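Step one of this worksheet: look at the structure below.
The values are calculated or read from the model by the stated rules, or taken from the named source; none is laboratory data. Being a predicted model, the structure only gives us computed values, none of them experimental. Note that each Cβ is placed from the backbone with ideal geometry, even for glycine, and that neighbours are counted across all protein chains shown.
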């Protein structure tokens, strides 16, 4: 039997739009990086490694979802994700919480920008629905 928390997460993911899924991925990566940073501070090398790897896997997933046919935004995101991966590899080798912090900051900035996009998208969708309700098809 699943816990209520796991049920909530499952419902959240299954009902999410593509934009919200990206936000969930950003949230997960940030969470794992914060846990890894705490583990580095506590000299828990294995815990730091495991959580850095989880964050890297999420970034790889974000990379795999980019549509490279749409132009410079996707290419720039790919470069940023690639840089984040490189920083996390270095952070993992050196057990550097500063490098983890730099990736957290980058990821947090991307998350905030993406959140604005999702909110605008949801606002446009709601406005279109409301405008659709007011149309009189009776003639």
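Points to keep in mind about this one:
- Residue within segment 78-85 that is part of a helix (DSSP H, G or I), surrounded by fewer than 12 Cβ atoms within 10 Å (Cβ to Cβ) and more than 18 Å from the chain's Cα centre (by Cα) present: no
- For the residues 121, 61, the requirement of being modelled with pLDDT under 95 and either in a loop (DSSP other than H, G, I, E, B) or within 18 Å of the chain's Cα centre (by Cα) (or both) singles out 121.
- Within segment 86-110, the set of residues being touching a helix residue (DSSP H, G or I) at 6+ places or on another chain (Cβ under 8 Å), without any contact (Cβ under 8 Å) to a residue 40 or more places away in the chain and closer than 14 Å to residue 26 by Cα comprises just one member, 106.
- Count of segment 65-74 residues which are assigned to a helix (DSSP H, G or I) and either within 19 Å of residue 100 (Cα to Cα) or touching a helix residue (DSSP H, G or I) at 6+ places or on another chain (Cβ under 7 Å) (or both): 2
- Cβ-Cβ under 6 Å pairs, at least 6 apart or on other chains, segment 65-83 side without any contact (Cβ under 8 Å) to a residue 40 or more places away in the chain and on the phi < 0 side of the Ramachandran plot, far side exposed (fewer than 10 other Cβ atoms within 10 Å of the Cβ) and assigned to a loop (DSSP other than H, G, I, E, B): 74/67
- Number of residues in segment 24-48 that are buried (at least 17 other Cβ atoms within 10 Å of the Cβ) and in contact (Cβ under 8 Å) with a residue 40 or more places away in the chain: the value is 8.
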